[in-house]
Structures are given as C-alpha cells and as structure tokens.
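The values are calculated or read from the model by the stated rules, or taken from the named source; none is laboratory data. Source: prediction; values computed, not measured. No Cβ is skipped: glycine too gets one built from the backbone with ideal geometry, and neighbour counts run over all protein chains shown. Remember, those area values only see protein heavy atoms, side chains included, never the ligands or the DNA or RNA. Shrake-Rupley method; radii C 1.70, N 1.55, O 1.52, S 1.80 Å.
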Amino acid sequence: MAESLPLEMLTYILSFLPLSDQKEASLVSRAWYSAAQNALRESLGLRGISCISLTNLDGSPTSHQVLQSVAYHLGPHLQSLCLGGGSPTEASFVTLILGCRALRVLDLSGCNSLFTSGTLLSQPETAQGVRQALSGLRELNLAGLRDLADLSFNQLSSCAPSLERLSLAYCHLTFELGPALISIGLRDSSPSQFSFRNLLRFVKERAGRLHALDLSGTGLPPEALQALGQVAGLQLQELNLHSCQDLSTEAVATLCRQQPGLTSLDLSGCSELTDGALLAVSRGLQNLRRLSLGKLQRLTDAGCTALGGLRKLQSLNMAECCLVSGRELAQALGSVRGAPLRLESLSLAFCSSLKDASVFSVIPALGPSLRVLDLSSCVTLTNGTVQAICTYLTHLSVLRLAWCKELCDWGLLGLGEPSEEHAQRPQPCPELEHQVSGPKDPSPEPQGPSLLTLRALQELDLTACSKLTDASLAKVLQFPQLRQLSLSLLPALTDMGLVAVARSCPSLERLALSHCSCLSDKGWAQAASSWPRLQHLNLSSCSQLTEQTLDTIAQACKQLRVLDVAMCSGINMAAVRRLQAQLPQVTCVQSRFVGGADLTLTL
C-alpha cells in the first residue's frame, strides 16, 4: 500500500520521524529511500543541524574537503562542534571555524596536532576572523592536550571572550607556588609550557563570566586550589578535580568557604581526602546538586552522615569507597526534617563492604525520583537486593548489577528461595523450567515483584552474574525500550535465551555477550533479525561462533558500527574482511594467539 503513495506524500509522512528512524525507513525500498532522503534534506533545510562530531580526522586532503563541506553546508547552523581526538591541520581548522559563526560549544580534546607548532592563530588577521566567529562561544574543551602552552592557550582563549565553561583535564600544568603565583603579563607567557600562573591570570580576567572549570588530572596542589578559589569576583558553579591526588581535606574545606555557590563538585580519586572533606562540603555547599566521591579510600560511614545536609543533591557517586558499608547512608538519604533527598542517580559500585541489610534500608529512602542505580561489583549482594529494587525503584532507567555473583534466577523472577531439596537438584530446577518452556503444573506463586516491574529500563548490566540462566532471562528480559544490555560472562546463557531476549528487546543498540560459550550460529540465525538498530556488539570469546554468524549479522544489522570478535576461534580474518566489505562503516576487533602471543587487530 505504501509503495503506491506519491513520493511527496511518503516524504511528508517520513518527515515526522526522528533521523534514526528515517534512516531505518530508507532501507525498505527504493521509493522509501528517495522519500527518506527528501525528508532529510527538508529537515536540514528547516531546522539545520546544530550539533556535530567529526572523528578520525587527519591532515589528508580528504579530511580537508570534509571540513570545507561542513563549514559551507552546516556551519551557519552549528552550535556544538566536536573534533575530539582528531589531527586536523591548522589551516583546515581555521577554515572550518570561520564558517561556524553560531558556535556555543567547541571540543578540541586530544587534538594535539593543532598545538604542536605553537603557532595556532598567531597571525593577527587570522585571529581577528576567528575572534568574530567565536564571539558567542560559551564552552571550550581542551582536555588531554600534551602540547598546550601559555602562548597557544592565550591566543585561542582571547578569541572566545564569552567563555563560561573551560576544561583543561589532564593537560600538563606546571606549578610555581609562593610569590610566583603573582599574576604575569601576556609578554611573559611561555611558548613551551602551560603554567598555573598563566591560567590564574586568565581566571582573574574572566572571573565575572567563568562558571565551570575542569582541572582533573592536572596534579593541582592545595596552594593552587586556594589561590584559585579566592580570585575576586569568581563564582564557580561547577568544579571538577578528579584525580588531583595531592589535595588535602583542609584545601577542600577552604574551597567550600570561598566558593559556596558550587552546584557540581567532583573529588573522585583525591585519595588524601577524609570524612572531614565531606563534612566541609555538607556545611559549605548548600546548593550542591552533583557530588562525586569515587575512589576515596579513607571515606567511612561516619562521613556519610553529613550527606543529609545536602538537601538539593540529585546525583551522588561513591564508587570504590571500600570502607562505606551503607549503615549510615540510609539515614542520610532518608527523611531529614520530613523531606527526603530526591536523588536521580546513585553509584555505589565496587563498595565491597556493602551488605544486603544496608541496601534494604537505603533503597526505600531513595524514592521514585531515582533513575540511575549502579551496584556493580558489590559482590555480597543477593536476591533480596533485587527484590527491594523491583519493589521501590520502579522508575529506574539504568540498572547496573555486574559481578553481583550471588544473584540467581529466583531473584529476577520474584520467586521465593528454593527449598533445600530443590537446591540440590541440577539447574535449572523444575519451577524455573516451567517459567520458560510452559506449564505442566501450576506455577509457583511469586513472593515479590520481578524485574518486569522496571518498565522504564533503557540500560541493564548483568555481566558475570554467573548463576543466571535462560530460565529467568527469557522470562523477565522483556523491555521494548531497552537500548543497552550486557549479559557477558553468563556461562548458562544458551541459544534459547538469546532468541527470547532478541524477540522481547528489539530496540537494542549496544549488546555485550562476551564469554558466552554456549551461543551458536543457530541461535544467531534466529536472533539477529530482531536487532536492526544494533550499533555496538561484543562477541569476544564466544567459542562456538563461526563465519556463519558474521554473515547473519551483516545481513540483519545494517546499523552496526563496532564488532568485537576477539578470541573467537571459529572466525577467521577472511570472514571479518567479508563483513567489512558489506558494512564498511564497521570497526572490527579480532585477536588470535600467534606464536604464543596474543595479537589484537583493529580493522
């Protein structure tokens, strides 16, 4: 019926779809392809593309032509541009920027080729043109630039007078403390080093406008943090200090007094910090909404009591805080003066001291606002935790339970624990077998809600939950909106489970099945057609798979971008090359033992 519609009508209908679905529709037929192309052109003409990311750029003529085309066709509409990790030439970069006069966000992270010579924007006439183009730039990302120096930073930043957000994460900063912290002039800027003195001068000049700063991994010492925090007129809202390992509790306390308006603070990996730092944060940063305390090995339950003072907190990351057992966390997150915190995201991943009893207290306190919960590698948690999650956190969109090895089918299905007699039988036991293959006897009554209650899930990670089998996975993994799923390291996952998951989770874009040694070509022959949107697929160490699976994937998964078949002994290089001939956009990873060594190839 649709084939008989006029092209104009097809175009009009497809114009209401998002771009990803327009691309899917273009695969139906030649008529639909033409209509989708027309719809795309019209949507670009009407709305313009406002955000673009260009990867794998180099200094070749082809890359230069790409940048010229982007500048000409898309430049006037672009508000966000990412060149992260590329190696464009200075000339290509300038050409691109001169065509993008509406930019608000520019990401040059890892683009070392632009800064190696130190001459970027050194010509006055070029700098003047770029300054006009970047007059409205609000955010600049210069993370990971090993060759960034005072001169090149000053030349670029001077072309962006409206900057509000700056990332210098993992750039090499040099520190001369004491009297050397006195502001320097531009004439003293170093052509070979990026100094904290120069950065401090920049912050002082932009204090009234700069709101967000990322100095993660720069080795920022306490004295430098103090000098930064006391800049007159500076009112930071976001500050990232991830992995600044020399920072002290006293320095953080001083910062909280200097910058009380902070709404986002990342102190992850600042290994010298103690409970006192969290107490200072609680007392001084009443407007804090996002707090990251990952890898603070000296943080204890006593420090967690201070979290109750952060009444506006929405996101909390305490991953790898190995001394936190959760005993005080429930009280802090629960009702204080009758108003519980409205957390949207909580990570307690790798908190090895976390026990079921503590989690049972924490979960009811989290409430319906929580969307993201990460309990990965909390290895002692059991089915009771899953039951509590399914009871109280039904609005979750992201749930990560990787390496929670005590979880089993009973927990996911919402059933009671098996009797001792059942526990001694070979798995899967009769009751769970019934759940998958159909009843012969009445089904056992669930003792609690199953994973099916989490209808809003878009990401689920069950990596290495090795007691799970097809019996539960086929029954509860029924999420039409699920985008990302990891079932890696599940030795009992078979073709039956794979096919059931494929039919019930058709929207998957990322799927990890590494080390699932029971999966075969037969299972993939039935499952692949259910996953047309798949973009990232990990099948490493699936030892039964052969080139037949690659042929099946090539036919069914046209959107695939990344495929990992490392250590798949039945898949040879010829099969990988054949798949890439059919899907040239795919990056394949394959590894083999060659002469006793593990050789990994990225094609």
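Odds and ends about this structure:
- Output for region 67-102, where each listed residue is in a loop (DSSP other than H, G, I, E, B) and either of a type in the set (A, V, I, L, M) or out of contact with any Pro (no Cβ under 9 Å at 6 or more places or on another chain) (or both): LEU74, LEU78, GLN79, LEU83, GLY84, GLY85, GLY86, SER87, PRO88, THR89, ALA102
- Residue count for region 122-153, restricted to those that are open to solvent by 30 Å² or more (accessible area, probe 1.4 Å), in contact with a Ser or Thr (Cβ under 8 Å, 6 or more places away or on another chain) and not in a strand (DSSP E or B): 6
- Yes/no for VAL386 being crowded, with 20+ Cβ neighbours inside 10 Å and in contact (Cβ under 8 Å) with a residue 40 or more places away in the chain: yes
- Residues of region 462-494 classified as open to solvent by 30 Å² or more (accessible area, probe 1.4 Å), closer than 20 Å to CYS542 by Cα and outside any loop (DSSP other than H, G, I, E, B), total: 2
The rows are residues; the columns are (1) of a type in the set (A, V, I, L, M, F, W, C); (2) outside any loop (DSSP other than H, G, I, E, B); (3) under 29 Å from the mean Cα position of the chain (by Cα); (4) modelled with pLDDT of 90 or more.
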residue: GLN548; (1), (2), (3), (4): no, yes, no, yes
residue: ALA554; (1), (2), (3), (4): yes, yes, yes, yes
residue: LEU560; (1), (2), (3), (4): yes, no, yes, yes
residue: MET567; (1), (2), (3), (4): yes, no, yes, yes
residue: GLN585; (1), (2), (3), (4): no, no, yes, no
residue: LEU599; (1), (2), (3), (4): yes, yes, yes, no
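- Output for region 295-329, where each listed residue is buried (at least 20 other Cβ atoms within 10 Å of the Cβ) and among the charged types (D, E, K, R): LYS295, GLU320, GLU328
- Test: residue in region 258-270 that is under 17 Å from LEU200 (Cα atoms), hydrophobic (A, V, I, L, M, F, W, C) and crowded, with 22+ Cβ neighbours inside 10 Å: no
- Residue match in region 279-292 (condition: open to solvent by 60 Å² or more (accessible area, probe 1.4 Å), touching a helix residue (DSSP H, G or I) at 6+ places or on another chain (Cβ under 7 Å) and at pLDDT 90 or above): yes
- Some residue of region 247-258 being touching a residue at least 60 places away in the same chain (Cβ under 8 Å), on the phi < 0 side of the Ramachandran plot and of a type in the set (D, E, K, R): no
- Qualifying residue in region 341-354 (condition: among the aliphatic types (A, V, I, L, M) and open to solvent by 20 Å² or more (accessible area, probe 1.4 Å)): no
- Considered as a group, the residues in region 548-580 that are open to solvent by 10 Å² or more (accessible area, probe 1.4 Å) and of a type in the set (Ser, Thr, Tyr) include one that is farthest from GLU24 (Cα to Cα), and that residue is SER569.
- The single condition among (1) assigned to a loop (DSSP other than H, G, I, E, B); (2) of a type outside the set (A, V, I, L, M, F, W, C); (3) under 21 Å from LEU166 (Cα atoms) that GLU272 does not satisfy is (3).
- SER113 among the small types (Gly, Ala, Ser) and out of contact with any Ser or Thr (no Cβ under 8 Å at 6 or more places or on another chain): no
- If you filter region 363-379 down to residues that are of a type in the set (Val, Ile, Thr) and open to solvent by 10 Å² or more (accessible area, probe 1.4 Å), you find that the one that is farthest from ALA464 (Cα to Cα) is VAL372.
- Leading residue by the ranking (farthest from ARG561 (Cα to Cα)) among those in region 495-511 that are hydrophobic (A, V, I, L, M, F, W, C) and open to solvent by 20 Å² or more (accessible area, probe 1.4 Å): MET496
- For region 45-56, the condition holds for no residue, the condition being that it is part of a helix (DSSP H, G or I), within 26 Å of ARG561 (Cα to Cα), of a type in the set (A, V, I, L, M, F, W, C) and without any contact (Cβ under 8 Å) to a residue 24 or more places away in the chain.
- Evaluation of LEU307 against the conditions (1) within 22 Å of SER353 (Cβ to Cβ); (2) modelled with pLDDT of 95 or more shows that the sole unmet condition is (2).
- Members of region 523-538 that are part of a helix (DSSP H, G or I) and either over 18 Å from PRO480 (Cβ atoms) or open to solvent by less than 10 Å² (accessible area, probe 1.4 Å) (or both): GLY523, TRP524, ALA525, GLN526, ALA527, ALA528
- Every pair of residues 6+ apart whose Cβ atoms lie under 8 Å, when the first sits in region 265-282 and is farther than 24 Å from HIS211 by Cβ and among the acidic types (Asp, Glu) while the second is open to solvent by 10 Å² or more (accessible area, probe 1.4 Å) and in a loop (DSSP other than H, G, I, E, B): GLU272/GLN245; GLU272/ASP246; GLU272/SER248; GLU272/ARG298; ASP275/ARG298; ASP275/THR300
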